[in-house]
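Q: Have a look at the structure that comes next, please.
The values are calculated or read from the model by the stated rules, or taken from the named source; none is laboratory data. Just so it is clear, the model here is predicted, and its values are computed rather than measured. For neighbour counting, all protein chains shown are included, and Cβ atoms are generated from backbone atoms with ideal geometry for every residue, glycine included.
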Amino acid sequence: MDRILVTGGAGFIGSNFVHHVIAHTDARVTVLDKMTYAASRESLDGLPDDRVELVVGDVADAMLVDELVRDHDVVVHYAAESHNDNSLDDPSPFVQTNLIGTFSLLEAVRKHDTRFHHISTDEVYGDLELDDPKRFTEDTPYNPSSPYSSTKAGSDLLVRAWVRSFGVRATISNCSNNYGPWQHIEKFIPRQITNVLVGIRPKLYGTGANVRDWIHADDHSSAVLTILEKGRIGETYLIGADGEKSNLDVVRLILELMGRPADDFDHVNDRAGHDLRYAIESGKLRSELGWRPTYGDFESGLAATIDWYRGHEDWWRSHKEATEAGYAAKGQ
Ligand code: NAD
Ligand code: DAU
(Lines give C-alpha, C1' and ligand atoms only; values in the text may rest on other atoms or scores of the structure.)
(Ligands and ions follow the chains in the order given, each with its own letter.)
Protein backbone atom coordinates (compact mmCIF):
# COMPACT_ATOMS: atom_id res chain seq x y z
CA MET A 1 0.00 0.00 0.00
CA ASP A 2 2.72 2.50 -1.06
CA ARG A 3 0.70 4.63 -3.46
CA ILE A 4 -2.97 5.33 -2.74
CA LEU A 5 -5.31 7.13 -5.13
CA VAL A 6 -8.06 8.88 -3.14
CA THR A 7 -10.95 10.11 -5.26
CA GLY A 8 -12.93 13.01 -3.78
CA GLY A 9 -10.01 13.64 -1.40
CA ALA A 10 -10.66 17.40 -1.29
CA GLY A 11 -14.17 16.89 0.11
CA PHE A 12 -15.29 16.58 3.72
CA ILE A 13 -14.62 12.90 4.51
CA GLY A 14 -12.04 12.25 1.78
CA SER A 15 -9.73 15.02 3.03
CA ASN A 16 -10.07 13.70 6.57
CA PHE A 17 -8.98 10.29 5.28
CA VAL A 18 -5.94 11.77 3.51
CA HIS A 19 -4.79 13.40 6.77
CA HIS A 20 -5.40 10.09 8.56
CA VAL A 21 -3.33 8.09 6.05
CA ILE A 22 -0.44 10.55 6.19
CA ALA A 23 -0.44 10.45 10.01
CA HIS A 24 -0.73 6.67 10.35
CA THR A 25 1.11 5.11 7.37
CA ASP A 26 4.14 5.75 5.13
CA ALA A 27 2.03 5.79 1.96
CA ARG A 28 2.04 8.49 -0.70
CA VAL A 29 -1.37 9.80 -1.74
CA THR A 30 -2.72 11.20 -4.98
CA VAL A 31 -6.04 13.01 -4.65
CA LEU A 32 -8.24 12.98 -7.76
CA ASP A 33 -10.94 15.61 -7.31
CA LYS A 34 -13.08 17.60 -9.72
CA MET A 35 -13.12 20.49 -7.21
CA THR A 36 -16.90 20.94 -7.32
CA TYR A 37 -18.64 23.42 -5.00
CA ALA A 38 -18.19 20.81 -2.21
CA ALA A 39 -14.39 20.63 -2.44
CA SER A 40 -11.87 22.73 -0.58
CA ARG A 41 -8.13 23.05 -1.17
CA GLU A 42 -7.72 24.35 2.37
CA SER A 43 -8.85 20.98 3.74
CA LEU A 44 -5.54 19.58 2.43
CA ASP A 45 -3.38 22.35 3.93
CA GLY A 46 -0.44 21.30 6.07
CA LEU A 47 0.15 17.96 4.31
CA PRO A 48 3.70 17.17 3.10
CA ASP A 49 4.26 18.07 -0.58
CA ASP A 50 6.47 15.04 -1.12
CA ARG A 51 3.66 12.67 -0.02
CA VAL A 52 0.45 14.27 -1.29
CA GLU A 53 -0.42 15.43 -4.81
CA LEU A 54 -3.72 16.94 -5.99
CA VAL A 55 -4.87 16.13 -9.53
CA VAL A 56 -7.90 18.15 -10.59
CA GLY A 57 -10.09 15.95 -12.78
CA ASP A 58 -13.27 13.95 -13.15
CA VAL A 59 -13.68 10.32 -12.05
CA ALA A 60 -15.85 9.85 -15.13
CA ASP A 61 -12.90 10.79 -17.40
CA ALA A 62 -11.91 7.24 -18.39
CA MET A 63 -8.54 8.16 -19.94
CA LEU A 64 -7.36 10.20 -16.96
CA VAL A 65 -8.61 7.55 -14.54
CA ASP A 66 -6.81 4.78 -16.45
CA GLU A 67 -3.49 6.67 -16.35
CA LEU A 68 -3.78 7.38 -12.63
CA VAL A 69 -4.93 3.90 -11.62
CA ARG A 70 -2.00 2.36 -13.55
CA ASP A 71 0.44 4.15 -11.21
CA HIS A 72 -1.20 3.29 -7.88
CA ASP A 73 -1.50 0.17 -5.66
CA VAL A 74 -4.85 1.03 -4.08
CA VAL A 75 -7.84 3.19 -5.01
CA VAL A 76 -10.15 4.52 -2.29
CA HIS A 77 -13.25 5.96 -3.93
CA TYR A 78 -14.92 8.80 -2.01
CA ALA A 79 -15.84 11.07 -4.94
CA ALA A 80 -19.58 11.58 -5.21
CA GLU A 81 -22.35 14.09 -5.34
CA SER A 82 -23.35 13.69 -1.70
CA HIS A 83 -26.30 15.90 -0.74
CA ASN A 84 -29.86 14.50 -0.81
CA ASP A 85 -31.52 17.91 -1.17
CA ASN A 86 -29.42 18.71 -4.25
CA SER A 87 -30.36 15.35 -5.77
CA LEU A 88 -34.04 16.32 -5.48
CA ASP A 89 -33.37 19.62 -7.27
CA ASP A 90 -31.27 18.08 -10.09
CA PRO A 91 -30.42 14.37 -10.16
CA SER A 92 -28.27 14.45 -13.30
CA PRO A 93 -24.81 15.07 -11.74
CA PHE A 94 -25.60 12.28 -9.26
CA VAL A 95 -26.15 9.79 -12.07
CA GLN A 96 -23.05 11.00 -13.90
CA THR A 97 -20.58 11.04 -11.00
CA ASN A 98 -21.93 8.34 -8.72
CA LEU A 99 -22.73 5.77 -11.42
CA ILE A 100 -20.62 6.60 -14.48
CA GLY A 101 -17.69 7.74 -12.33
CA THR A 102 -17.71 4.47 -10.36
CA PHE A 103 -18.00 2.50 -13.62
CA SER A 104 -14.94 4.22 -15.09
CA LEU A 105 -12.89 3.47 -11.96
CA LEU A 106 -14.01 -0.15 -11.95
CA GLU A 107 -12.93 -0.61 -15.55
CA ALA A 108 -9.50 0.83 -14.74
CA VAL A 109 -8.95 -1.30 -11.61
CA ARG A 110 -10.08 -4.35 -13.58
CA LYS A 111 -7.56 -3.63 -16.33
CA HIS A 112 -4.66 -2.96 -13.92
CA ASP A 113 -5.67 -5.48 -11.21
CA THR A 114 -5.64 -2.75 -8.58
CA ARG A 115 -7.08 -3.08 -5.06
CA PHE A 116 -10.27 -0.99 -4.81
CA HIS A 117 -12.24 0.24 -1.81
CA HIS A 118 -15.66 1.76 -2.42
CA ILE A 119 -17.06 4.29 0.07
CA SER A 120 -20.81 4.11 0.44
CA THR A 121 -23.64 5.00 2.75
CA ASP A 122 -26.22 3.41 5.04
CA GLU A 123 -28.88 5.15 2.95
CA VAL A 124 -28.74 2.31 0.41
CA TYR A 125 -30.85 0.29 2.89
CA GLY A 126 -33.72 2.78 2.95
CA ASP A 127 -35.11 3.74 6.35
CA LEU A 128 -36.38 2.16 9.58
CA GLU A 129 -39.39 2.85 11.79
CA LEU A 130 -38.55 4.80 14.96
CA ASP A 131 -39.51 1.88 17.21
CA ASP A 132 -37.96 -0.89 15.08
CA PRO A 133 -35.55 -2.84 17.33
CA LYS A 134 -33.59 -3.91 14.23
CA ARG A 135 -30.65 -1.93 12.82
CA PHE A 136 -29.04 -2.20 9.35
CA THR A 137 -26.60 -5.08 8.88
CA GLU A 138 -24.60 -6.29 5.88
CA ASP A 139 -27.57 -8.58 5.06
CA THR A 140 -30.27 -5.88 4.98
CA PRO A 141 -31.88 -5.73 1.51
CA TYR A 142 -31.22 -2.61 -0.58
CA ASN A 143 -34.18 -0.17 -0.66
CA PRO A 144 -32.93 3.36 -1.41
CA SER A 145 -35.33 6.32 -1.39
CA SER A 146 -33.73 9.37 -3.01
CA PRO A 147 -31.91 10.03 -6.30
CA TYR A 148 -28.70 10.35 -4.22
CA SER A 149 -29.12 7.08 -2.33
CA SER A 150 -30.30 5.17 -5.39
CA THR A 151 -27.18 6.19 -7.34
CA LYS A 152 -25.02 5.14 -4.37
CA ALA A 153 -26.91 1.81 -4.23
CA GLY A 154 -26.35 1.39 -7.98
CA SER A 155 -22.63 2.09 -7.56
CA ASP A 156 -22.41 -0.55 -4.80
CA LEU A 157 -24.07 -3.09 -7.09
CA LEU A 158 -21.61 -2.29 -9.88
CA VAL A 159 -18.74 -2.99 -7.45
CA ARG A 160 -20.31 -6.30 -6.38
CA ALA A 161 -20.78 -7.33 -10.01
CA TRP A 162 -17.17 -6.45 -10.92
CA VAL A 163 -15.95 -8.56 -7.98
CA ARG A 164 -18.01 -11.56 -8.98
CA SER A 165 -17.79 -11.34 -12.77
CA PHE A 166 -14.22 -10.08 -13.22
CA GLY A 167 -12.48 -10.96 -9.95
CA VAL A 168 -11.83 -7.31 -9.09
CA ARG A 169 -10.18 -7.08 -5.63
CA ALA A 170 -12.68 -4.77 -3.97
CA THR A 171 -14.29 -4.11 -0.60
CA ILE A 172 -17.25 -1.85 0.22
CA SER A 173 -18.09 0.11 3.36
CA ASN A 174 -21.47 1.67 4.16
CA CYS A 175 -21.20 4.33 6.84
CA SER A 176 -23.74 6.36 8.81
CA ASN A 177 -23.96 10.19 9.07
CA ASN A 178 -20.58 11.89 9.56
CA TYR A 179 -19.84 15.12 11.42
CA GLY A 180 -16.66 17.06 12.08
CA PRO A 181 -14.47 19.80 10.54
CA TRP A 182 -14.61 20.78 6.83
CA GLN A 183 -18.21 19.61 6.26
CA HIS A 184 -20.01 21.83 3.76
CA ILE A 185 -22.49 24.22 5.39
CA GLU A 186 -25.35 22.86 3.27
CA LYS A 187 -25.39 19.81 5.58
CA PHE A 188 -27.51 19.65 8.76
CA ILE A 189 -25.03 20.13 11.61
CA PRO A 190 -22.76 22.79 10.03
CA ARG A 191 -25.82 24.60 8.65
CA GLN A 192 -27.30 24.98 12.12
CA ILE A 193 -23.99 25.91 13.79
CA THR A 194 -23.27 28.59 11.20
CA ASN A 195 -26.89 29.79 11.37
CA VAL A 196 -26.47 30.47 15.07
CA LEU A 197 -23.10 32.16 14.44
CA VAL A 198 -24.62 34.61 11.91
CA GLY A 199 -27.85 35.18 13.86
CA ILE A 200 -30.27 32.97 11.89
CA ARG A 201 -32.56 30.55 13.77
CA PRO A 202 -31.74 26.84 13.07
CA LYS A 203 -34.09 25.18 10.56
CA LEU A 204 -35.61 21.80 11.33
CA TYR A 205 -37.28 19.84 8.52
CA GLY A 206 -40.80 18.72 9.48
CA THR A 207 -41.24 17.70 13.11
CA GLY A 208 -37.56 16.88 13.68
CA ALA A 209 -38.42 13.32 14.76
CA ASN A 210 -36.14 11.85 12.06
CA VAL A 211 -33.19 9.95 13.50
CA ARG A 212 -29.63 9.87 12.17
CA ASP A 213 -26.77 7.72 13.51
CA TRP A 214 -23.82 10.09 14.00
CA ILE A 215 -20.14 9.18 13.70
CA HIS A 216 -17.12 11.49 13.75
CA ALA A 217 -15.34 11.66 10.38
CA ASP A 218 -12.04 10.59 12.07
CA ASP A 219 -13.68 7.35 13.17
CA HIS A 220 -14.89 6.77 9.60
CA SER A 221 -11.28 7.23 8.41
CA SER A 222 -9.82 4.77 10.92
CA ALA A 223 -12.46 2.22 9.92
CA VAL A 224 -11.61 2.55 6.22
CA LEU A 225 -7.88 2.19 6.90
CA THR A 226 -8.62 -0.93 8.99
CA ILE A 227 -10.61 -2.42 6.10
CA LEU A 228 -7.76 -1.67 3.67
CA GLU A 229 -5.28 -3.35 5.98
CA LYS A 230 -7.31 -6.34 7.17
CA GLY A 231 -10.60 -6.54 5.22
CA ARG A 232 -11.52 -9.61 3.18
CA ILE A 233 -11.83 -9.08 -0.58
CA GLY A 234 -15.41 -9.10 -1.81
CA GLU A 235 -16.82 -8.22 1.61
CA THR A 236 -19.02 -5.34 2.72
CA TYR A 237 -18.47 -3.73 6.15
CA LEU A 238 -20.95 -1.43 7.88
CA ILE A 239 -19.36 1.49 9.79
CA GLY A 240 -21.18 3.10 12.71
CA ALA A 241 -20.59 4.35 16.24
CA ASP A 242 -23.97 3.77 17.98
CA GLY A 243 -24.80 7.48 17.69
CA GLU A 244 -28.56 7.56 17.08
CA LYS A 245 -30.12 10.98 17.78
CA SER A 246 -33.27 12.71 16.58
CA ASN A 247 -32.73 15.91 14.58
CA LEU A 248 -34.71 17.76 17.25
CA ASP A 249 -32.30 16.58 19.96
CA VAL A 250 -29.30 17.58 17.85
CA VAL A 251 -30.67 21.09 17.24
CA ARG A 252 -31.45 21.52 20.94
CA LEU A 253 -27.94 20.37 21.87
CA ILE A 254 -26.34 22.79 19.38
CA LEU A 255 -28.42 25.64 20.83
CA GLU A 256 -27.51 24.68 24.39
CA LEU A 257 -23.79 24.37 23.60
CA MET A 258 -23.91 27.77 21.87
CA GLY A 259 -25.66 29.49 24.79
CA ARG A 260 -29.05 29.94 23.09
CA PRO A 261 -32.55 28.99 24.37
CA ALA A 262 -33.46 25.39 23.48
CA ASP A 263 -36.58 26.48 21.49
CA ASP A 264 -34.80 29.13 19.38
CA PHE A 265 -35.35 27.29 16.05
CA ASP A 266 -37.91 27.15 13.20
CA HIS A 267 -39.78 24.18 11.76
CA VAL A 268 -39.55 24.44 7.94
CA ASN A 269 -40.82 22.48 4.93
CA ASP A 270 -39.95 18.81 5.10
CA ARG A 271 -37.68 17.09 2.56
CA ALA A 272 -39.63 15.14 -0.11
CA GLY A 273 -39.47 11.41 0.66
CA HIS A 274 -37.53 12.17 3.87
CA ASP A 275 -36.05 8.95 5.33
CA LEU A 276 -37.25 8.50 8.91
CA ARG A 277 -34.43 6.67 10.67
CA TYR A 278 -31.00 5.18 9.93
CA ALA A 279 -29.22 2.90 12.40
CA ILE A 280 -26.07 0.83 11.87
CA GLU A 281 -25.09 -2.44 13.53
CA SER A 282 -21.30 -2.50 13.05
CA GLY A 283 -20.57 -5.80 14.83
CA LYS A 284 -18.89 -7.42 11.81
CA LEU A 285 -16.27 -4.68 11.50
CA ARG A 286 -15.65 -4.74 15.25
CA SER A 287 -15.47 -8.51 15.80
CA GLU A 288 -13.77 -9.52 12.53
CA LEU A 289 -11.29 -6.63 12.13
CA GLY A 290 -11.03 -5.32 15.71
CA TRP A 291 -12.08 -1.73 14.89
CA ARG A 292 -13.49 0.59 17.59
CA PRO A 293 -14.60 4.23 17.35
CA THR A 294 -12.66 6.70 19.51
CA TYR A 295 -15.27 9.52 19.65
CA GLY A 296 -17.66 7.79 22.08
CA ASP A 297 -19.15 11.05 23.35
CA PHE A 298 -21.26 12.88 20.73
CA GLU A 299 -21.68 15.98 22.90
CA SER A 300 -17.94 16.64 23.21
CA GLY A 301 -17.39 15.87 19.51
CA LEU A 302 -20.16 18.33 18.66
CA ALA A 303 -18.71 20.97 20.99
CA ALA A 304 -15.32 20.61 19.26
CA THR A 305 -17.04 20.91 15.86
CA ILE A 306 -18.80 24.10 16.99
CA ASP A 307 -15.42 25.53 18.07
CA TRP A 308 -13.97 24.58 14.71
CA TYR A 309 -16.68 26.48 12.75
CA ARG A 310 -16.24 29.44 15.12
CA GLY A 311 -12.53 29.47 14.32
CA HIS A 312 -12.89 28.99 10.54
CA GLU A 313 -15.40 31.67 9.62
CA ASP A 314 -13.10 32.78 6.77
CA TRP A 315 -13.61 29.32 5.21
CA TRP A 316 -17.43 29.17 5.25
CA ARG A 317 -18.63 32.81 5.49
CA SER A 318 -18.52 33.60 1.77
CA HIS A 319 -20.83 30.63 0.95
CA LYS A 320 -23.37 31.26 3.69
CA GLU A 321 -25.63 33.78 1.99
CA ALA A 322 -26.04 31.79 -1.24
CA THR A 323 -26.57 28.51 0.65
CA GLU A 324 -29.33 30.05 2.79
CA ALA A 325 -30.92 31.76 -0.24
CA GLY A 326 -31.17 28.35 -1.96
CA TYR A 327 -32.90 26.84 1.06
CA ALA A 328 -35.17 29.87 1.57
CA ALA A 329 -36.43 29.55 -2.03
CA LYS A 330 -37.77 26.09 -1.06
CA GLY A 331 -39.23 27.25 2.25
CA GLN A 332 -36.43 25.46 4.11
P1 NAD B 1 -18.51 15.95 -0.18
O2 NAD B 1 -19.63 16.40 -1.05
O3 NAD B 1 -18.07 16.77 0.97
O4 NAD B 1 -17.23 15.68 -1.07
C5 NAD B 1 -17.30 15.03 -2.32
C6 NAD B 1 -16.00 15.30 -3.07
O7 NAD B 1 -16.07 14.61 -4.34
C8 NAD B 1 -15.77 16.79 -3.37
O9 NAD B 1 -14.44 17.14 -3.08
C10 NAD B 1 -16.06 16.88 -4.87
O11 NAD B 1 -15.33 17.90 -5.53
C12 NAD B 1 -15.64 15.49 -5.34
N13 NAD B 1 -16.28 15.14 -6.61
C14 NAD B 1 -17.60 15.26 -6.93
N15 NAD B 1 -17.80 14.86 -8.20
C16 NAD B 1 -16.59 14.45 -8.67
C17 NAD B 1 -16.17 13.93 -9.91
N18 NAD B 1 -17.02 13.72 -10.94
N19 NAD B 1 -14.85 13.61 -10.06
C20 NAD B 1 -13.97 13.81 -9.05
N21 NAD B 1 -14.33 14.34 -7.86
C22 NAD B 1 -15.62 14.64 -7.67
O23 NAD B 1 -18.93 14.48 0.30
P24 NAD B 1 -18.61 13.72 1.65
O25 NAD B 1 -19.69 14.01 2.61
O26 NAD B 1 -17.21 13.94 2.00
O27 NAD B 1 -18.84 12.22 1.14
C28 NAD B 1 -17.75 11.48 0.58
C29 NAD B 1 -18.21 10.07 0.28
O30 NAD B 1 -18.66 9.46 1.49
C31 NAD B 1 -19.37 9.98 -0.70
O32 NAD B 1 -19.15 8.86 -1.52
C33 NAD B 1 -20.59 9.76 0.18
O34 NAD B 1 -21.58 9.05 -0.51
C35 NAD B 1 -19.98 8.94 1.29
N36 NAD B 1 -20.65 9.01 2.60
C37 NAD B 1 -20.91 10.24 3.16
C38 NAD B 1 -21.47 10.29 4.43
C39 NAD B 1 -21.74 11.62 5.12
O40 NAD B 1 -22.32 11.64 6.21
N41 NAD B 1 -21.35 12.76 4.56
C42 NAD B 1 -21.80 9.10 5.11
C43 NAD B 1 -21.56 7.87 4.47
C44 NAD B 1 -20.97 7.85 3.23
O1 DAU C 1 -26.48 8.48 6.26
C2 DAU C 1 -25.37 8.86 5.51
C3 DAU C 1 -25.71 10.08 4.68
O4 DAU C 1 -25.75 11.19 5.58
C5 DAU C 1 -24.70 10.33 3.57
O6 DAU C 1 -24.77 9.28 2.65
C7 DAU C 1 -24.97 11.66 2.86
O8 DAU C 1 -23.95 11.94 1.93
C9 DAU C 1 -25.01 12.77 3.91
O10 DAU C 1 -25.32 14.00 3.30
C11 DAU C 1 -26.02 12.44 4.99
O12 DAU C 1 -27.37 12.45 4.47
P13 DAU C 1 -28.60 13.11 5.27
O14 DAU C 1 -29.63 13.44 4.29
O15 DAU C 1 -28.94 12.28 6.44
O16 DAU C 1 -27.82 14.43 5.82
P17 DAU C 1 -28.24 15.96 5.93
O18 DAU C 1 -27.12 16.64 6.66
O19 DAU C 1 -28.67 16.54 4.65
O20 DAU C 1 -29.52 15.91 6.90
C21 DAU C 1 -29.47 15.26 8.16
C22 DAU C 1 -30.89 15.26 8.73
O23 DAU C 1 -31.24 16.61 9.07
C24 DAU C 1 -31.95 14.80 7.76
O25 DAU C 1 -32.94 14.10 8.49
C26 DAU C 1 -32.53 16.09 7.19
C27 DAU C 1 -32.42 17.04 8.35
N28 DAU C 1 -32.19 18.46 8.04
C29 DAU C 1 -31.23 18.79 7.13
C30 DAU C 1 -30.96 20.13 6.88
C31 DAU C 1 -29.92 20.52 5.85
C32 DAU C 1 -32.91 19.44 8.74
O33 DAU C 1 -33.76 19.14 9.60
N34 DAU C 1 -32.63 20.74 8.49
C35 DAU C 1 -31.69 21.14 7.58
O36 DAU C 1 -31.46 22.36 7.42
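Q: So is residue 272 at pLDDT 95 or above, within 16 Å of ligand 2 (Cβ to nearest atom), buried (at least 16 other Cβ atoms within 10 Å of the Cβ) and closer than 24 Å to residue 149 by Cα or not?
A: Answer is no for this residue.
Q: Also, I was wondering about something else. When the range 135-167 is examined, which residues are found to be in contact with a helix residue (DSSP H, G or I) (Cβ under 7 Å, 6 or more places away or on another chain) and either among the charged types (D, E, K, R) or more than 13 Å from ligand 1 (Cβ to nearest atom) (or both)?
A: 138, 140, 142, 143, 152, 156, 158, 162, 166
Q: Right, residue 201: on the phi < 0 side of the Ramachandran plot, touching a Phe, Trp or Tyr at 6+ places or on another chain (Cβ under 7 Å) and either of a type in the set (Gly, Ala, Ser) or surrounded by fewer than 20 Cβ atoms within 10 Å (Cβ to Cβ) (or both) or not?
A: yes
Q: Taking the range 225-237 as the region of interest, how many residues are assigned to a helix (DSSP H, G or I) and either surrounded by 19 or more Cβ atoms within 10 Å (Cβ to Cβ) or not basic (Lys, Arg) (or both)?
A: Summing the residues that are assigned to a helix (DSSP H, G or I) and either surrounded by 19 or more Cβ atoms within 10 Å (Cβ to Cβ) or not basic (Lys, Arg) (or both) in the range 225-237 gives 5.
Q: Which number in (1) in a helix (DSSP H, G or I); (2) within 10 Å of ligand 1 (Cβ to nearest atom); (3) closer than 18 Å to residue 180 by Cα; (4) touching a strand residue (DSSP E or B) at 6+ places or on another chain (Cβ under 9 Å) marks the one condition that residue 43 misses?
A: The failed condition is (4).
Q: Looking at this structure, is residue 64 modelled with pLDDT of 95 or more, buried (at least 20 other Cβ atoms within 10 Å of the Cβ) and of a type in the set (A, V, I, L, M)?
A: No: the conditions fail for residue 64.
Q: Out of the residues in the range 71-85 that are part of a loop (DSSP other than H, G, I, E, B) and within 12 Å of ligand 1 (Cβ to nearest atom), state the one that is farthest from residue 9 (Cα to Cα).
A: Only one residue tops the list, namely 83.
Q: Of all residues in the range 108-129, count the ones that are β-branched (Val, Ile, Thr), away from ligand 2 (no atom under 16 Å from the Cβ) and part of a helix (DSSP H, G or I).
A: Matching residues across the range 108-129 total 1.
Q: Can you pull out every residue in the range 191-224 that is more than 14 Å from the chain's Cα centre (by Cα) and part of a helix (DSSP H, G or I)?
A: Across the range 191-224, the qualifying residues are 191, 192, 193, 194, 195, 196, 197, 198.
Q: Taking the stated definitions as given, is residue 102 surrounded by fewer than 24 Cβ atoms within 10 Å (Cβ to Cβ), of a type in the set (Ser, Thr, Tyr) and within 17 Å of residue 169 (Cα to Cα)?
A: In short, no.
Q: Something else now. Might you check whether a residue that is within 14 Å of ligand 2 (Cβ to nearest atom) and on the phi < 0 side of the Ramachandran plot occurs anywhere in the range 160-171?
A: Looking through the range 160-171, none of the residues is within 14 Å of ligand 2 (Cβ to nearest atom) and on the phi < 0 side of the Ramachandran plot.
Q: Is it true that some residue in the range 18-28 is part of a strand (DSSP E or B) and within 16 Å of ligand 2 (Cβ to nearest atom)?
A: Within the range 18-28, none of the residues are part of a strand (DSSP E or B) and within 16 Å of ligand 2 (Cβ to nearest atom).
Q: Check 68, 105, 88 and return the single one that is within 16 Å of ligand 2 (Cβ to nearest atom) and either assigned to a helix (DSSP H, G or I) or on the phi < 0 side of the Ramachandran plot (or both).
A: The unique qualifying residue is 88.
Q: Residue 47 versus (1) in contact with a helix residue (DSSP H, G or I) (Cβ under 6 Å, 6 or more places away or on another chain); (2) surrounded by fewer than 18 Cβ atoms within 10 Å (Cβ to Cβ): which is the lone unmet condition?
A: Among (1) in contact with a helix residue (DSSP H, G or I) (Cβ under 6 Å, 6 or more places away or on another chain); (2) surrounded by fewer than 18 Cβ atoms within 10 Å (Cβ to Cβ), residue 47 violates only (2).
Q: Out of the residues in the range 172-195 that are within 10 Å of ligand 1 (Cβ to nearest atom) and of a type in the set (D, E, K, R), state the one that is farthest from residue 220 (Cα to Cα).
A: Applying the filter and picking the extreme gives 186.
Q: Provide a single number: the residues in the range 290-323 that are surrounded by fewer than 16 Cβ atoms within 10 Å (Cβ to Cβ), at pLDDT 95 or above and closer than 24 Å to residue 224 by Cα.
A: Total satisfying the criteria: 6.
Q: In the list 102, 97, 114, which residue meets the criterion of being more than 27 Å from residue 276 (Cα to Cα), within 15 Å of ligand 1 (Cβ to nearest atom) and among the hydroxyl-bearing types (Ser, Thr, Tyr)?
A: Selected residue: 102, the only one of 102, 97, 114 that is more than 27 Å from residue 276 (Cα to Cα), within 15 Å of ligand 1 (Cβ to nearest atom) and among the hydroxyl-bearing types (Ser, Thr, Tyr).
Q: Quick one: which residue in 85, 122 is surrounded by fewer than 23 Cβ atoms within 10 Å (Cβ to Cβ) and of a type outside the set (S, T, N, Q)?
A: Criteria check complete, one pass: 85.
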